[in-house]
Amino acid sequence: MTKIKLCGLSRPCDIETANELKPEYIGFVFAQKSKRHLTSEKAEELKKMLAPGIQAAGVFVDEKPQTVARLLNGNIIDIAQLHGNEDEVYIKHLRRLTHKPIIQAFRIGNASDVINAERSIADHILLDSGAGTGTAFDWNLIQSIKRPYFLAGGLEPCNVEKAVRILKPFAVDVSSGIETNGRKDKTKMAAFVAAARKGR
Ligand SMILES: O=C(O)c1ccccc1NCC(=O)[C@H](O)[C@H](O)COP(=O)(O)O
């Protein structure tokens, strides 16, 4: 059954909404240049509010492995989402610092990107068009992928049901599609979760 990840939560009211909607994952963005960037102190405060059973992913872009491991081992996040140029050497290094799971994100522009994603040594792969940009990649490129994946990029309440029904991803991941004027929108979050569940 396709799981749901609501990414880029940054306010207590976003966590309250997530606790009501019960997605399997939420995401905190630690990428320095992101408009959704959170400090570790803020993330810790929000994580304490999060209902048990919802896992918090931390989104990083080429962050020091020690910083990622500190957040994982301190239970501020439960899973690391690597969204930069992190390679096998980086992932092996991070694995020596923590036993927590790792998602590696891939930008899918052609068939070789899909092959690279399938070969990842990370626990999970996430297929995206960019980095929280709200645009979709060509789903035809992943019609015959064998490995389970998080589907991301341009998902919205109006297209997620179809994505789940046709592609049957391990999980769907959304950020821009549940925002209004750069803030998470409770109505859109609820509509997204309902539509994703309808497609299961
Ligand atoms: O959200 C960001 O600002 C961000 C910055 C740098 C790296 C990754 C980032 N976001 C990742 C995500 O929000 C999602 O995993 C995914 O890209 C979905 O984004 P969207 O297309 O906006 O739904």
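In the chain, if the dipole is taken from +1 on Lys/Arg beta carbons and -1 on Asp/Glu beta carbons about the Cα centre, which of P157, V174, V68 is farthest to the positive end?
P157
How large, in percent, is the carbon and sulfur part of the accessible surface of region 3-199 at a probe radius of 1.4 Å?
That share works out to 51 percent.
Mind ranking R119, R70 by accessible surface for me, highest first, 1.4 Å probe?
Result, largest first: R119, R70.
Net charge near L82, counting Lys/Arg +1 and Asp/Glu -1 over other residues with Cβ under 13 Å of its Cβ?
Local net charge: -2.
Mean separation of Cα pairs under 8 Å and 6+ residues apart, divided by the residue count of region 3-199: what relative contact order is that in percent?
Rounded, it is 17 percent for region 3-199.
If you roll a 1.4 Å probe over the heavy atoms of the protein chains, what accessible area per residue do you get for the chain, in Å²?
Accessible surface, normalised per residue, equals 47 Å².
Would you mind pulling out the separation of the Cα centroids of region 73-90 and region 101-167, in Å?
Between the Cα centres of region 73-90 and region 101-167 lies a distance of 18 Å.
Let me check I've understood the local charge: for K186, count other residues with C-beta under 15 angstrom from its C-beta, Lys and Arg +1, Asp and Glu -1. What total comes out?
With Lys, Arg at +1 and Asp, Glu at -1, the neighbours total 0.
How much length, in nm to one decimal, is gained on full extension between K3 and E118, taken as 0.36 nm per residue of separation minus their Cα-Cα distance?
Separation in residues times 0.36 nm, less the Cα-Cα distance, equals 39.5 nm.
What is the dipole size for region 3-199, taken about its Cα centre, with +1 at each Lys and Arg Cβ and -1 at each Asp and Glu Cβ, in debye to the nearest 20?
Once rounded to the nearest 20, the dipole reads 280 debye.
In the neighborhood of G154, defined by Cβ-to-Cβ distances under 13 Å, what is the net charge if each Lys or Arg adds +1 and each Asp or Glu adds -1?
Charge balance near G154 sits at -3.
Measuring from label point to label point, each 7 Å out along Cα→Cβ, what is the K92 to Q32 span in nm?
Those two pseudo-labels are separated by 2.7 nm.
The values are calculated or read from the model by the stated rules, or taken from the named source; none is laboratory data. Predicted model, so just to flag it, every value in this text is computed and none were measured. Positions of Cβ are backbone-derived with ideal geometry, glycine not excepted, and every protein chain shown enters the neighbour counts. Quick note on the areas: whole protein, heavy atoms, side chains included, nothing else; ligands and nucleic acids left out. Shrake-Rupley method; radii C 1.70, N 1.55, O 1.52, S 1.80 Å.
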